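*Asks:* Quick one: this structure, given as structure tokens, is what I'll be asking you about.
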Amino acid sequence: MLRGIGMAAMIVLAGAAARAQPVGAAGPPPVEGGGPIEVGIGFHIADFGRITAREETFDVTAHLELHWRDPRLAGGKRTEGKMWIPLLYFDNAAEAPKPHAEPDIDVDDDGRVVYRSNLSGRFSTPLDLRKFPFDDQDLVVRISLADDLTEARFVPIAECMTMHDDAFLTDWSVEDQTYRVGSRHYRTGGQEHGMLEYRVRVDRRSTFYAWRVLLPLTLLSLIPALVFWFEPVNLQPQISTCMGTLIAMLAFGYSVDFALPKVAYLTMIDRHALIGFLFAAMATIGVAMVHRRVTAGSIPDALKLQRRLRVLYPAAYGVVVGLSVSQLMAT
């Protein structure tokens with residue numbers, strides 16, 4: 001049994017997979033009958049760190065396991081540090097994954113090699129936050145072989161493609177995980193390389209945002225409807241209510257800004273806030289229209305317009321919000 005061939009294995013996890021094998025290192029093991037060597041791969045997630053929406057990254061701690069057979073090592077033969085170890089690309093790593101310790105490498109009498117390592121890394125993954133805070137996301141880790149498919153290919157180790165029972169992610173529910181083994185090109189017309197894509201589906205826990213953000217925004221947006229129940233001649237409380245609502249919405253937006261993702265498009269919360277702000281501004285315009293009728297001496301017309309706006313304002317707000325939500329959910 002061979003253990004602690006650290007330097008070669010560290011290359012695998014230090015993000016240096018694009019380099020060639022060290023000078024003097026052994027080439028891929030020979031395969032009976034020819035063809036590429038089969039490299040079994042297992043990726044077991046032990047725990048999550050956090051999802052960073054602004055950078056579209058997530059942190060994860062995982063156990064990486066590789067299996068292959070090298071007949072040159074059968075019978076306890078040693079290679080004097082020239083043992084072949086498959087080099088890996090972590091294709092979507094935002095930072096080079098860091099091993100927790102030197103990897104463990106076992107070789108049995110038949111030349112079967114088992115490589116195990118625990119690592120932590122930050123990976124980039126595209127996030128679609130248009131439905132925020134009712135969104136779900138796919139967290140993806142992509143691992144590729146530096147050797148092309150003519151020399152080596154991945155074979156999944158099903159029992160190692162799991163997730164730890166107590167893997168936890170703040171503010172998210174872990175739904176399920178899937179994986180697939182395929183291939184990819186690193187340049188147009190280039191050679192194909194074996195690839196493992198490990199995907200975890202997570203669903204955001206939206207309770208905080210529903211009660212602490214969406215509900216207050218909805219109530220603030222409906223407050224201006226009260227101005228159409230005031231006496232039309234009392235302009236001051238009507239204007240004060242509308243302007244106070246607009247200021248409260250701006251202040252509320254700044255107070256919850258820390259909890260909202262910073263993206264270049266409008267999320268559901270952004271849309272909801274914008275709709276509420278526009279309706280509060282429209283209520284101010286409605287008050288001005290009523291007041292114009294009052295100053296023109298047409299009190300009956302002012303009262304008639306007020307009665308219409310009492311119904312129209314909340315009804316229109318509900319319709320616009322409903323259309324906005326249904327449009328987002330349909331995408």
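The values are calculated or read from the model by the stated rules, or taken from the named source; none is laboratory data. Since the structure is predicted, the reported quantities are computational estimates derived from the model, not experimental observations. Note that each Cβ is placed from the backbone with ideal geometry, even for glycine, and that neighbours are counted across all protein chains shown.
*Asks:* Within the bounds of region 84-102, is there any residue that is of a type outside the set (A, V, I, L, M, F, W, C), over 25 Å from Arg187 (Cβ atoms) and assigned to a strand (DSSP E or B)? Working first, answer last.
*Replies:* The first filter runs over region 84-102 and keeps only residues of a type outside the set (A, V, I, L, M, F, W, C), leaving 86, 89, 91-92, 95, 97-100, 102.
Applying the additional criterion that residues be over 25 Å from Arg187 (Cβ atoms) yields 98-100, 102.
Filter again for assigned to a strand (DSSP E or B), leaving 98-99.
There is at least one residue in region 84-102 that is of a type outside the set (A, V, I, L, M, F, W, C), over 25 Å from Arg187 (Cβ atoms) and assigned to a strand (DSSP E or B).
*Asks:* Further question: May I ask you to verify whether Thr207 is of a type in the set (S, T, N, Q) and at pLDDT 90 or above? Walk me through it before giving the result.
*Replies:* Numbers: of a type in the set (S, T, N, Q): yes; at pLDDT 90 or above: yes.
Taking the combined requirement at face value, the residue satisfies it.
*Asks:* Hey, can you tell me all the residues within region 37-61 that are surrounded by fewer than 17 Cβ atoms within 10 Å (Cβ to Cβ), modelled with pLDDT of 90 or more and over 18 Å from Arg199 (Cα atoms)?
*Replies:* Glu38
*Asks:* Moving on to the next point. Just to be sure before I move on: is Tyr313 of a type in the set (Ser, Thr, Tyr), touching a residue at least 40 places away in the same chain (Cβ under 8 Å) and not assigned by TED's automatic domain parsing to the domain that holds Glu56 in the structure I sent?
*Replies:* Criteria met by Tyr313.
*Asks:* Right, here's the next one. Checking Asp109 against (1) in contact with a helix residue (DSSP H, G or I) (Cβ under 8 Å, 6 or more places away or on another chain); (2) crowded, with 17+ Cβ neighbours inside 10 Å, only one condition comes out false. Which one?
*Replies:* Condition not satisfied by Asp109: (2).
*Asks:* Just to be sure, is Pro216 free of Cβ contacts under 8 Å to residues at least 40 places away in the same chain and of a type outside the set (A, V, I, L, M, F, W, C)?
*Replies:* Numbers: free of Cβ contacts under 8 Å to residues at least 40 places away in the same chain: yes; of a type outside the set (A, V, I, L, M, F, W, C): yes.
Judged against the criteria, Pro216 is a match.
*Asks:* State yes or no: is Asp147 buried (at least 18 other Cβ atoms within 10 Å of the Cβ) and more than 22 Å from Ile45 (Cα to Cα)? Break it down stepwise before answering.
*Replies:* Values: buried (at least 18 other Cβ atoms within 10 Å of the Cβ): yes; more than 22 Å from Ile45 (Cα to Cα): yes.
Yes: the conditions hold for Asp147.
*Asks:* Right, next: Against the definition (among the acidic types (Asp, Glu), within 30 Å of Phe43 (Cα to Cα) and surrounded by 14 or more Cβ atoms within 10 Å (Cβ to Cβ)), how does Glu192 come out, yes or no?
*Replies:* Numbers: among the acidic types (Asp, Glu): yes; within 30 Å of Phe43 (Cα to Cα): yes; surrounded by 14 or more Cβ atoms within 10 Å (Cβ to Cβ): yes.
Spelling it out, Glu192 is indeed among the acidic types (Asp, Glu), within 30 Å of Phe43 (Cα to Cα) and surrounded by 14 or more Cβ atoms within 10 Å (Cβ to Cβ).
*Asks:* With (1) outside the structural domain of Val290 (by TED's automatic domain parsing); (2) surrounded by fewer than 17 Cβ atoms within 10 Å (Cβ to Cβ) as the list, and Gly244 as the residue in question, which single condition is left unmet?
*Replies:* So the condition that Gly244 fails would be (1).
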